[in-house]
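So the structure is just underneath, and the comments pick up after that.
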Amino acid sequence: LIHVDVHRVLPTEERPFYTLITSGMSDRPMTVPEGAEAFEYSELMIYLPSDWPMEESDFEDESNYWPIRLMKMLSRLPHEYETWLALDHTVPNGDPADPYSDETGFVCAMLAVPEMENEEFWRLEINDEKTINFFSIVPLYAEETNFKLKRGADKLFERFERDNISQVIDLDRKNVCRKRFGIF
């Protein structure tokens, strides 16, 4: 249906993390509901720490490759199933959702505005008929996914902000929705 490439932007002193960006998802429009035509074309981003193993041989280990696999799967999903992905959409890793690798408890991906970028970067106008939206992939724990589904993405992002959670993937990051005393 589409060919997806993942481009890598190396860490710098100002941006001490890898930025991975897809290309190919926006080659075809997604099947959006009426009124959401502005979101027909999208590409995805993910941020990895500067010490993430990024050599070709490192990707033989799923614990290193899963973010790239996730990007490719999410990029193809709307075209394979005649649907769409946009801001705040969540996609679990299976049913029931399993962790992406043995090294993490993340079981779901949510799309967010790419907070590590200037707002001007969030949309790229190609021409009058085509504007590409860029979304960041934020991995979630099961409890965070359930919280988002019950209370909404804004409430989840409030918890991320409260706990200074960055969009740069941290395999050991705090689960902002771990139950305490039986309540959220």
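Data table
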read-out	value
Arg69 versus Thr12: modelled label distance in nm, points set 7 Å from Cα along the beta carbon direction	3.2 nm
Cα centroid separation - the range 1-75 against the range 78-149, whole Å	10 Å
Residues of type lysines that Lys130 reaches as a straight line, Cα spacing below 25 Å, ignoring anything fewer than 8 places off in the same chain	Lys72
Qualifying lysines (Cα of each under 19 Å from Cα of Lys155; at least 8 residues distant if same chain)	Lys174, Lys179
Theoretical gain in end-to-end length, Trp122 to Glu62 [0.36 nm per residue, Cα-Cα removed]	18.7 nm
Cα lying deepest toward the dipole's positive end in the chain, options Ile169, Pro92, Leu10, charges on Cβ	Pro92
Using a Förster distance of 22 Å, the FRET efficiency for Thr83-Lys130 (Cβ separation, nearest 0.05)	0.70
Percent accessible area from carbon and sulfur atoms, the chain, protein chains only, probe 1.4 Å	47 percent
Estimated dipole of the range 35-120 in Debye, rounded to 20 [Cβ of Lys and Arg +1, of Asp and Glu -1, Cα centre]	280 debye
Listed residues Glu55, Glu143 arranged by accessible area, highest first, probe 1.4 Å	Glu55, Glu143
Among 145-157, 94-106, the order from most to least packed when residues are scored by Cβ within 10 Å on average	145-157, 94-106
Computed over the chain: relative contact order in percent, which uses C-alpha pairs under 8 Å that are six or more apart	20 percent
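The values are calculated or read from the model by the stated rules, or taken from the named source; none is laboratory data. The structure presented is a predicted model; accordingly, all values stated were derived computationally and were not measured. Don't worry about glycine lacking a Cβ; one is built from the backbone with ideal geometry, like all the others, and counts go over all protein chains shown. When the accessible area is computed, the model is the full protein with side chains, heavy atoms only, and any ligands, DNA or RNA have been set aside. Shrake-Rupley method; radii C 1.70, N 1.55, O 1.52, S 1.80 Å.
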